[in-house]
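Step one of this worksheet: look at the structure below.
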């Protein structure tokens, strides 16, 4: 379940229930990002906790017009990760040594890519049920629009329109939240 | 030549169809279609990597939320318990655009709480001489500990950081001396924490009994300007090493 659209406003205005909701919905994503970046569960949990405390205390600085609450939280988490890596000095070198021993995953994604995935996954969860189902069949099962129409018994035109509208929605969210991060201007293709 | 149809662009981005000659010629020369296709492809690429993400990810263990709740409760209490120090500060707090930054506000509020608590403690005559072997080690910092919501009204305490530096033989090191009164006997135990209120991180420095003095060693490396909040929590024998979220006493160290 995706949280309601007002969550960001309610969080910003200091409603404590909104903190709990933002935690229930997004803490797992913050933890995922931290864990992927730090490679250490305990540190990732610390970062998750620190991210929520900092977000709550700094809630006045969240601007819903500039991006989603999730993207803002992930932005805070990224800074906490960097702080942790910096202050970690010695432990970090140990972790690095361990990482070098373990088989390297060449396709390991950077934090930007992880944020992109989380934001798009969140938006996918907000699409209307039928539209989401169609998109998931195209993404995860690699079905063609004819196959999707056959599986779902939807008219071909409906499948096409679901694909078009769904993708447009995902793209818009990705561009807005990407712009929040400053990685690229809204509407422009992502460099690299 | 007309732009490539939106439905068609989507299918191209999904890799379902291949561009025919006229489409390719158009896309090659049309920045708008090119940008559309590039960005749709990027979204599709990201989308295909989202399986199992978002709401299907495992949540953090419960202790993470408890730590968030503890830190947030401290914030709520410290801002609610004390009237705003100045009118201008209160005004800024109510107007989000001009909010001076949480770190500053937090510190101001904490200092105010500590000052108020020390004042009360002094008035009540709580501050007392402690039975320490002479010569007494210098007190590097101290805090009056006030009862939190879950504690009996009469509960209070005092925390002093005793610097071990310069002691003959170098024994001891830095220690935290606690004098606690009014904590009820209960099936669990009390645990002492140092909390960094800036980010909510905390370290456990030991356990204490009820109504007694306790001397707990502090790590030599701990920065008490950061980990400056002394917190006594009520814990259960539940195998959960994290803070229970039930703070009994709390105060801020000042030197």
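Every read-out reported here was derived from the displayed coordinates using simple, explicitly stated rules and does not represent laboratory data. All values derive from a computational prediction rather than experimental measurement. Cβ: placed from backbone, ideal geometry, glycine included. Neighbour counts: every protein chain shown.
Between the stretch B:192-225 and the stretch B:10-76, what is the separation of their alpha carbon centroids in Å?
44 Å
Other chains near B:193-202: what is the mean number of their Cβ atoms within 10 Å of each residue's Cβ?
On the way: counts 0, 0, 0, 2, 2, 4, 10, 9, 4, 1.
Going residue by residue through B:193-202 and averaging, the value is 3.
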